[in-house]
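The structure appears below as structure tokens.
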Amino acid sequence: MQVKNICCIGAGYVGGPTMAVIAQKCPDIDVTVVDINEQRISQWNASDLDTLPIYEPGLKEVVSQARGRNLFFSTDVDAAIAAADMIFISVNTPTKTYGKGKNMAADLKFVELCARQIARVATSDKIVVEKSTLPVRTAQAIKSVLSETGNGVEFQILSNPEFLAEGTAISDLLRPDRILIGGETSEKGEEAIQALVDVYARWVPKENILTTNVWSSELSKLVANAFLAQRVSSINAISELCEATGADVREVSKAIGMDSRIGPKFLQASVGFGGSCFQKDILNLVYIAKTFGLAEVADYWEQVILMNDHQKSRFATKILETLYNTVSGKKIAILGWAFKKDTNDTRESAAIYVADELLEERASIAVYDPKVKEERVFADLNYLESRSAEENKELVEVQNDPYEACKDAHAVAILTEWDEFKSYDWQAIYDNMLKPACVFDGRAILDRAQLEKIGFKYYCIGN
Ligand code: NAD
Ligand code: UGA
């Protein structure tokens, strides 16, 4: 079977870029990305490509090539489902905030709503692809919702988890380490797998397209994120030991990363990992292990999260202690609010939690991030409900100019590893700060010798 019409439900960080690349690489396939969020869809359709709803290097070039040719963004979910022969479900799967599995399990209500909508609208056979990250055995639940329709339509469910990282989404999509496709081992299942393999094979070498059973594919996605996050927590644990012993975590990372069995990636010590997925997916893995009565397995993986929480908190405590145990009324500049560089995404960003702890100590915070807007910073802080929105407005300012953010501050905290921070005129920043002027480098990106020569008191994570 050759796919001619794809629909993707969910125009977010995964649905938008993934479908843009599929459309760019497969000009003969019509790709429609749908979402219930009207504002998001109108931003995807905006003529000014600088106002796309997400920032990703290279994204606007891909969108500009394909949009209007064979890439469409729409709020008409029913029409797109009806026309498609392959439907990707790419909606959010956040951690549950209520009921059984609260604060651990993935909330599958959006996925189930999609399945119900597909069941209601479809009048011809469809391949339904799980692109969202889902707990193992979700495909079975989707299949059961879909097969209840009783209108004779046949559905094949595939698992095709996405491994792109934000900030490098386009290059990850163009040159993925692997494409993983899980499907049923029946004849129809294999036909469906082949149809999706044929889509990716337009630009991904065949040997990088891996096919498995559905459950292995679903579980592999959670495990991949757990392993990556575990490396960050491991090096962050060592960063604290480095600070206590005089070792330098950057040197330790380099030394161990040169062992080809360990490898150099994901060994950058930081103020803590953020992002919408690491914490959510590990919590989900822990929940699944607990559900199967595997207490030791659950505890083992939970420690990755506990270490991450500790790292964020100890960074805030370091600022407090260095500033003579009181930050009340003191201005602290935060450079970087996104959870990593080259994205405007702030979900679970360490900056939010560090700022929150400082605000609880009544510090005044000035935030600068090259891609994050003022409304987002306040929305993130208000969401925590630690203080009223009015209190946050009183204590926090968001600046468009980093030098203005640092002016008259007692300390600067680097919370995202944006490259531009390295090329600032740190002498000018120092001259306009209150003394002693401190820099707390939560990403270990600045040059200690240069800053200390200027006169800064410099603290670097893991050194
Ligand atoms: P997102 O919140 O950016 O986007 C999800 C979109 O789905 C939203 O715009 C929402 O309005 C829409 N939506 C929800 N229910 C809908 C419905 N019933 N009909 C139509 N639209 C609906 O989320 P995201 O970051 O793109 O993540 C999506 C999934 O992909 C999650 O499961 C996530 O774990 C996984 N994932 C994310 C990343 C990443 O880097 N963000 C990477 C790999 C996998
Ligand atoms: C991560 C995975 O890398 C993707 O493969 C996966 O598809 C995605 O989650 C997902 O499922 O959502 P992402 O969260 O976008 O991607 O970004 P990462 O590059 O993994 O960074 C996550 C966090 O870890 C960031 O806060 C980053 O700053 C931090 N990190 C990363 C470190 O602190 N040190 C490192 O060495 C690497």
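The values are calculated or read from the model by the stated rules, or taken from the named source; none is laboratory data. This structure is a prediction, so every number in the text was calculated from the model and none was measured. When we count neighbours, we look across all protein chains shown, and the Cβ atoms used for this are built from the backbone with ideal geometry, even at glycine. Ligands, DNA and RNA are stripped out before the accessible areas are found, and what is left, the full protein with its side chains, is counted by its heavy atoms. Shrake-Rupley method; radii C 1.70, N 1.55, O 1.52, S 1.80 Å.
Looking at the stretch 280-296, can you tell me whether even one residue there is of a type in the set (F, W, Y) and within 12 Å of ligand 2 (Cβ to nearest atom)?
No; the residues of the stretch 280-296 include none that is of a type in the set (F, W, Y) and within 12 Å of ligand 2 (Cβ to nearest atom).
Would you mention how many residues in the stretch 63-119 are of a type in the set (K, R), more than 10 Å from ligand 1 (Cβ to nearest atom) and within 22 Å of the chain's Cα centre (by Cα)?
So the answer is 2.
Looking only at the stretch 344-359, count how many residues are open to solvent by 10 Å² or more (accessible area, probe 1.4 Å) and in contact with a strand residue (DSSP E or B) (Cβ under 6 Å, 6 or more places away or on another chain).
So the count comes out to 0.
Can you tell which of E240, E251 is over 30 Å from K143 (Cα atoms), open to solvent by 60 Å² or more (accessible area, probe 1.4 Å), more than 9 Å from ligand 2 (Cβ to nearest atom) and touching a His at 6+ places or on another chain (Cβ under 9 Å)?
Exactly one of E240, E251 is over 30 Å from K143 (Cα atoms), open to solvent by 60 Å² or more (accessible area, probe 1.4 Å), more than 9 Å from ligand 2 (Cβ to nearest atom) and touching a His at 6+ places or on another chain (Cβ under 9 Å), namely E240.
Condition check ((1) within 16 Å of ligand 2 (Cβ to nearest atom); (2) under 19 Å from N463 (Cβ atoms); (3) more than 22 Å from the chain's Cα centre (by Cα)) across all residues:
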| residue | (1), (2), (3) |
| --- | --- |
| D198 | no, no, yes |
| R202 | no, no, yes |
| S220 | yes, no, no |
| V223 | yes, no, no |
| G246 | no, yes, yes |
| Q268 | yes, yes, no |
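Taking the condition farther than 30 Å from K407 by Cβ, open to solvent by 10 Å² or more (accessible area, probe 1.4 Å) and either more than 16 Å from ligand 1 (Cβ to nearest atom) or among the charged types (D, E, K, R) (or both), does A224 pass?
The answer is no for A224.
Given G263, G274, which one is away from ligand 1 (no atom under 16 Å from the Cβ), of a type outside the set (D, E, K, R) and not in a helix (DSSP H, G or I)?
Of G263, G274, the one residue that is away from ligand 1 (no atom under 16 Å from the Cβ), of a type outside the set (D, E, K, R) and not in a helix (DSSP H, G or I) is G263.
Which of the residues that make up the stretch 20-55 are within 14 Å of I170 (Cα to Cα) and more than 16 Å from ligand 2 (Cβ to nearest atom)?
A20, I22, A23, Q24, K25
Would you say Y324 is part of a helix (DSSP H, G or I), modelled with pLDDT of 95 or more and either under 23 Å from I429 (Cβ atoms) or hydroxyl-bearing (S, T, Y) (or both)?
So Y324 fails the test.
Could you list, in sequence order, the residues of the stretch 301-351 that are more than 12 Å from ligand 2 (Cβ to nearest atom), of a type in the set (G, A, S) and out of contact with any Cys (no Cβ under 6 Å at 6 or more places or on another chain)?
S313, A316, S328, G329, listed by residue number.
Could you please find all residues in the stretch 327-343 being within 16 Å of ligand 1 (Cβ to nearest atom) and either open to solvent by less than 10 Å² (accessible area, probe 1.4 Å) or not in a loop (DSSP other than H, G, I, E, B) (or both)?
A338, T343
Table: residues versus (1) within 16 Å of ligand 2 (Cβ to nearest atom); (2) closer than 30 Å to N344 by Cα; (3) open to solvent by less than 50 Å² (accessible area, probe 1.4 Å).
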{"residue": "Q140", "(1), (2), (3)": "no, no, no"}
{"residue": "V153", "(1), (2), (3)": "no, no, yes"}
{"residue": "I157", "(1), (2), (3)": "no, no, yes"}
{"residue": "I170", "(1), (2), (3)": "yes, yes, yes"}
{"residue": "T185", "(1), (2), (3)": "no, no, no"}
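Quick one: what pairs do we get from the stretch 390-412, first residue under 9 Å from Y368 (Cα atoms), second open to solvent by 10 Å² or more (accessible area, probe 1.4 Å) and assigned to a helix (DSSP H, G or I), C-beta under 6 Å, 6+ apart or different chains?
Correct list of pairs: V398/E374.
Yes/no matrix, rows are residues, columns are (1) assigned to a loop (DSSP other than H, G, I, E, B); (2) among the polar types (S, T, N, Q); (3) open to solvent by less than 10 Å² (accessible area, probe 1.4 Å):
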residue	(1), (2), (3)
M1	yes, no, no
Q43	no, yes, no
D50	no, no, no
E61	no, no, no
D78	no, no, no
G99	yes, no, no
M104	yes, no, no
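Inspect the stretch 57-66 for any residue being modelled with pLDDT of 95 or more, of a type in the set (D, E, K, R) and over 24 Å from A192 (Cβ atoms) and give the result as yes or no.
The answer is yes; a qualifying residue exists.
When you go through S239, S216, S186 one by one, which is the residue that is touching a Ser or Thr at 6+ places or on another chain (Cβ under 9 Å) and farther than 28 Å from K312 by Cβ?
S216
Could you tell me which residue of the stretch 80-97 is surrounded by the fewest Cβ atoms within 10 Å (Cβ to Cβ), considering only residues that are away from ligand 2 (no atom under 16 Å from the Cβ) and within 20 Å of T133 (Cβ to Cβ)?
T97
Name the pairs: first residue in the stretch 428-455 and under 19 Å from T322 (Cα atoms), second residue of a type outside the set (F, W, Y) and at pLDDT below 95, Cβ to Cβ under 8 Å, at least 6 apart or on different chains?
Pairs that qualify, where the first residue is under 19 Å from T322 (Cα atoms) and the partner is of a type outside the set (F, W, Y) and at pLDDT below 95, are A444/N463; R448/N463.
Of the residues in the stretch 57-78, how many are within 16 Å of ligand 2 (Cβ to nearest atom) and over 16 Å from I22 (Cα atoms)?
Within the stretch 57-78, residues that are within 16 Å of ligand 2 (Cβ to nearest atom) and over 16 Å from I22 (Cα atoms) number 1.
Can you confirm whether D198 is within 16 Å of ligand 1 (Cβ to nearest atom), more than 24 Å from E112 (Cα to Cα) and surrounded by 14 or more Cβ atoms within 10 Å (Cβ to Cβ)?
No, not satisfied.
Give F266, F273 a once-over and let me know the one that is within 22 Å of H310 (Cβ to Cβ) and open to solvent by less than 40 Å² (accessible area, probe 1.4 Å).
That would be F273, the only listed residue that is within 22 Å of H310 (Cβ to Cβ) and open to solvent by less than 40 Å² (accessible area, probe 1.4 Å).
Go through the stretch 276-293 and give me each residue that's touching a Lys or Arg at 6+ places or on another chain (Cβ under 8 Å) and either within 12 Å of I235 (Cα to Cα) or open to solvent by 20 Å² or more (accessible area, probe 1.4 Å) (or both).
Within the stretch 276-293, S276 is the sole residue that qualifies.
Of all residues in the stretch 398-451 being open to solvent by 70 Å² or more (accessible area, probe 1.4 Å) and among the acidic types (D, E), which is farthest from G272 (Cα to Cα)?
D431
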